[in-house]
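The values are calculated or read from the model by the stated rules, or taken from the named source; none is laboratory data. Please read these numbers as outputs of a predicted model, since none were measured by experiment. Heads up, the Cβs are rebuilt from the backbone with ideal geometry, glycines too, and the neighbour counts pull from every protein chain shown. Protein only, heavy atoms only, side chains kept; ligands, DNA and RNA dropped before computing areas. Shrake-Rupley method; radii C 1.70, N 1.55, O 1.52, S 1.80 Å.
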Amino acid sequence: MTIWFTSDTHYYHYNIIGFCGRDIGYGPGHVPGFMDRHEACSQMNELLIKNYNAVVKPDDEVYHLGDFAFCGNQKANEILERLNGKKYLILGNHDYKIHKQIAHHFLWVRDYTRKSFDIEYQDDEGETQKYRQSIAMCHFPIASWDQMSHGGWHIHGHCHGSMEDIGVCRIDVGVDCHGLSPVSLDKLRNIMALRAVRSVDHHGAVKIERGSYV
């Protein structure tokens, strides 16, 4: 079983194609003049579904961190029926109108959660090592999170890759940051291995000068 994270799919959202430069087959952010809004959204939807099901298997777990779709209940349910995996939903700002009608596709629906995952890796001697990784999940990025000073990660969506990477263990898992596809727990581990464990509050912080912390 593989664990996946994703966010901000924005199914049926025509304007997101241009806003985020999504390449639906005609170049980043480009919609041909002959294609109407429905056709463009359909093409984007099919690409997102194809990319998702190419990596997510039926027994995998998927944490969707919000802004699933810009459509009515029926269309959103039709898409969810086509998506593999055991799904969980962290609510985004665009999910509140439909989340009650699509909730049955998810094992739970929450505003925020922190969960620990088992991670395995090979050390320099080729031995398999395992540890528990704390991950705070929210649609919106937050500056200080539970277990931050102890190596806990924070994953979020909402920003579509526009938020500056300051090297802490926080990452946008939205599709616009990961090739219009979910990102795996293993890939996140590789990314986070290059980032610093920092605290922005008093929890384990080291005071360096004039009230600033690292």
Would you compute, from DSSP H runs of 4+ residues alone, the mean residue ellipticity of the chain at 222 nm, taking -39500 (n - 2.57) per run and dividing by the full residue count, rounded to the nearest 500? -6000 deg cm²/dmol
Integer Hz, Karplus 6.51/-1.76/1.60 couplings in order for segment 9-14, x for Gly and Pro: 5, 6, 3, 6, 9, 4
Within the accessible area of the chain, what % is carbon and sulfur when the probe is 1.4 Å and the other protein chains stay in place? 48
10 °C / 1.306 mPa s Stokes-Einstein diffusion coefficient of segment 72-181, Kirkwood radius on C-alpha pairs, µm²/s: 99
Pairs on different chains or at least eight residues apart, Cα atoms closer than 18 Å: how many lysine pairs in the chain fit? 16
Non-local residues with an amide H under 5 Å from the amide H of ILE24, with H modelled 1.01 Å from N and Pro and chain starts lacking one, are GLY29, HIS30
At most 14 other Cβ atoms within 10 Å and a DSSP loop assignment: could you name the trypsin sites (Lys or Arg not before Pro) in segment 79-149 that fit? LYS97
For HIS105, what accessible surface area do you get with a 1.4 Å probe? Give it in Å², rounded to 10. 40
For the chain, what is the accessible area per residue in Å² when the probe is 1.4 Å? 52
Translational diffusion coefficient of the chain at 25 °C, 0.890 mPa s, Stokes-Einstein with Kirkwood Rh over Cα pairs, in µm²/s as a whole number. 134
Filter the GluC sites (Glu not before Pro) in segment 91-171 down to the DSSP loop ones having no more than 13 other Cβ atoms within 10 Å, then list what survives. GLU125, GLU127, GLU164
Quick one: which residues, 5+ away or cross-chain, put their amide H under 5 Å from the amide H of LYS86? H built at 1.01 Å from N. ASP60, GLU61, VAL62
Toy charge model, Lys and Arg Cβ at +1, Asp and Glu Cβ at -1: segment 4-80 dipole around Cα centroid in debye, rounded to 20, equals 160
The chain: antiparallel DSSP beta bridges as a percent of all, rounded to 5: 45
Just to be sure I understand the model, the point goes 7 Å from the Cα along the line to the Cβ. What's the resulting GLN122 to ASN73 distance in nm? 5.0
Please state the relative contact order of segment 137-179 as a whole percent: Cα pairs under 8 Å, 6+ residues apart? 36
